[in-house]
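The values are calculated or read from the model by the stated rules, or taken from the named source; none is laboratory data. These numbers come from a predicted model, not from an experiment. All Cβ positions, even for glycine, are placed from backbone atoms using ideal geometry, and neighbour counts span all protein chains on display.
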């Protein structure tokens, strides 16, 4: 029970959830596992309840279906965009925030590019890029590992899949950072940050509009050319959907993996015994990465809207009620994981929710897994790593939690 005998509730405005949310998650799971926030939405903290909602198609991923009457005036700002029509919002919304049949149609257009078999063919490329980045970092000695390794690796791979020219890739950093920060609800963001998100979105639209025309004139074997050909058929993919899909693939294709890679390295450096398991233990690299996904939880929360009256663990939900699922909390739930606050690469089964579940299970999960399975062991095989600061700083982002910088010193083995 919190001070004064009041149950702790999840408040995304509380800065403690940026610095280190996990002790607070544990307290909320014990005291108040499903509760109504002061902002009006429901907060879900346990693994079983988050999984139940993610599997239930009576919950929509379209946040615009939330009933404003059930939200506080402050929270409503996170669900409505002033000066933008509902029709415009719907037309440019990525398929991540759509329901069937639109979600099924749009996801189906790109799903074949992210199957495990197709992604496995990228293993040599991932290894090549990671090796080059590690060589450069070792030569420098002390580096920001986010800048020198965790960021450029996934950017290079998703850009190659899409067909983005290498010379264009340096432009995306600021735009992508603005969109990632903008995933947090608007009531947490300053007007300046909201404007940066808008500017980043418009910059992506202008860039991809130009690149689409180039691919239309000179098609290649990349994913952009494939989607342009589909759009040209005229009845499967609109131009607005094409643009929103490309932005989603590029941003989601690297932002979460950046946080996974940097967070994994930081966690392993703090748990030296786990490095030996990673390199010399009997555990597979695959299981090790699943445990790192659970422990780091690059995606901390996601949301769904009830579309009809229903119950979750005996709690009634009204139509239009928004459920905020704390994935970071679910991934530390002691009902599911033994010693959940401990990084243990020897866990044989890790049923984390880091990639979601069900209809909206992360499309890029095979790619993120491959990048981590190749890059993290390779880094520790090649270098001894120590922190160059006592405590690295996290970004302000709540949804996509990750390190802003990770200063380390590398010495070749």
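Of all residues in segment 113-129, one or more are at pLDDT 80 or above, surrounded by 14 or more Cβ atoms within 10 Å (Cβ to Cβ), in contact with a helix residue (DSSP H, G or I) (Cβ under 9 Å, 6 or more places away or on another chain) and not in a helix (DSSP H, G or I). The set of residues in segment 387-413 being within 30 Å of residue 325 (Cβ to Cβ), in contact with a strand residue (DSSP E or B) (Cβ under 8 Å, 6 or more places away or on another chain) and assigned to a loop (DSSP other than H, G, I, E, B) consists of 392, 393, 395, 398, 399, 401, 402, 404, 405, 406. Residue pairs whose Cβ atoms lie under 8 Å apart, sitting 6 or more positions apart in sequence or on different chains, and linking a residue in segment 16-32 that is free of Cβ contacts under 8 Å to residues at least 60 places away in the same chain to a partner that is in a helix (DSSP H, G or I) and surrounded by 15 or more Cβ atoms within 10 Å (Cβ to Cβ), are 16/24; 24/17. Sort out which residues of segment 170-195 are in a helix (DSSP H, G or I), in contact with a helix residue (DSSP H, G or I) (Cβ under 8 Å, 6 or more places away or on another chain) and either in contact (Cβ under 8 Å) with a residue 60 or more places away in the chain or crowded, with 23+ Cβ neighbours inside 10 Å (or both), and write them in order of number. Result: 172, 176, 179, 180, 181, 186, 187. Quick check: anything in segment 254-267 under 20 Å from residue 118 (Cβ atoms), surrounded by 14 or more Cβ atoms within 10 Å (Cβ to Cβ), in contact (Cβ under 8 Å) with a residue 60 or more places away in the chain and in contact with a helix residue (DSSP H, G or I) (Cβ under 6 Å, 6 or more places away or on another chain)? Looking for residues that are under 20 Å from residue 118 (Cβ atoms), surrounded by 14 or more Cβ atoms within 10 Å (Cβ to Cβ), in contact (Cβ under 8 Å) with a residue 60 or more places away in the chain and in contact with a helix residue (DSSP H, G or I) (Cβ under 6 Å, 6 or more places away or on another chain), one finds at least one in segment 254-267, hence yes.
Based on what the data block shows, is residue 96 free of Cβ contacts under 8 Å to residues at least 40 places away in the same chain and in contact with a helix residue (DSSP H, G or I) (Cβ under 9 Å, 6 or more places away or on another chain)?
Answer is no for this residue.
Yes or no: residue 14 over 20 Å from residue 184 (Cβ atoms) and either surrounded by fewer than 17 Cβ atoms within 10 Å (Cβ to Cβ) or in contact with a strand residue (DSSP E or B) (Cβ under 7 Å, 6 or more places away or on another chain) (or both)? Against the criterion (over 20 Å from residue 184 (Cβ atoms) and either surrounded by fewer than 17 Cβ atoms within 10 Å (Cβ to Cβ) or in contact with a strand residue (DSSP E or B) (Cβ under 7 Å, 6 or more places away or on another chain) (or both)), residue 14 does not qualify. Please work out if residue 297 is under 19 Å from residue 180 (Cα atoms) and touching a residue at least 40 places away in the same chain (Cβ under 8 Å). Criteria met by residue 297.
Only residues that are part of a strand (DSSP E or B) and out of contact with any helix residue (DSSP H, G or I) (no Cβ under 6 Å at 6 or more places or on another chain) were counted across segment 355-386, and they come to 2.
For the criterion of being over 11 Å from residue 322 (Cα atoms), in a loop (DSSP other than H, G, I, E, B) and touching a residue at least 12 places away in the same chain (Cβ under 8 Å), residue 51 fails.
Among the candidates 226, 211, 145, 153, which residue alone is on the phi < 0 side of the Ramachandran plot, touching a strand residue (DSSP E or B) at 6+ places or on another chain (Cβ under 6 Å) and crowded, with 16+ Cβ neighbours inside 10 Å?
Values: 226 fails: touching a strand residue (DSSP E or B) at 6+ places or on another chain (Cβ under 6 Å); 211 fails: touching a strand residue (DSSP E or B) at 6+ places or on another chain (Cβ under 6 Å); 153 fails: touching a strand residue (DSSP E or B) at 6+ places or on another chain (Cβ under 6 Å).
Just a single option satisfies the conditions, and that option is 145.
Residue by residue through segment 279-317, note down the ones that are loosely packed, with under 15 Cβ neighbours inside 10 Å, in contact with a helix residue (DSSP H, G or I) (Cβ under 8 Å, 6 or more places away or on another chain) and within 17 Å of residue 54 (Cα to Cα). Hit for segment 279-317 is 313, nothing else. Residues that are assigned to a strand (DSSP E or B) and either at pLDDT 95 or above or under 22 Å from the mean Cα position of the chain (by Cα) (or both) are absent from segment 328-336 altogether.
Of the residues that sit in segment 159-169 and are in contact with a helix residue (DSSP H, G or I) (Cβ under 9 Å, 6 or more places away or on another chain) and surrounded by fewer than 13 Cβ atoms within 10 Å (Cβ to Cβ), which one is farthest from residue 207 (Cα to Cα)? It comes out as 166.
Does residue 202 satisfy the criteria of being assigned to a helix (DSSP H, G or I) and out of contact with any helix residue (DSSP H, G or I) (no Cβ under 8 Å at 6 or more places or on another chain)?
yes
Might you let me know whether segment 68-76 holds any residue that is at pLDDT 80 or above, in a loop (DSSP other than H, G, I, E, B) and either surrounded by 14 or more Cβ atoms within 10 Å (Cβ to Cβ) or more than 19 Å from the chain's Cα centre (by Cα) (or both)? There is at least one residue in segment 68-76 that is at pLDDT 80 or above, in a loop (DSSP other than H, G, I, E, B) and either surrounded by 14 or more Cβ atoms within 10 Å (Cβ to Cβ) or more than 19 Å from the chain's Cα centre (by Cα) (or both). Residue under question is residue 317, and the condition is that it be more than 22 Å from the chain's Cα centre (by Cα), modelled with pLDDT of 95 or more and farther than 23 Å from residue 253 by Cβ; does it hold? Spelling it out, residue 317 is indeed more than 22 Å from the chain's Cα centre (by Cα), modelled with pLDDT of 95 or more and farther than 23 Å from residue 253 by Cβ.
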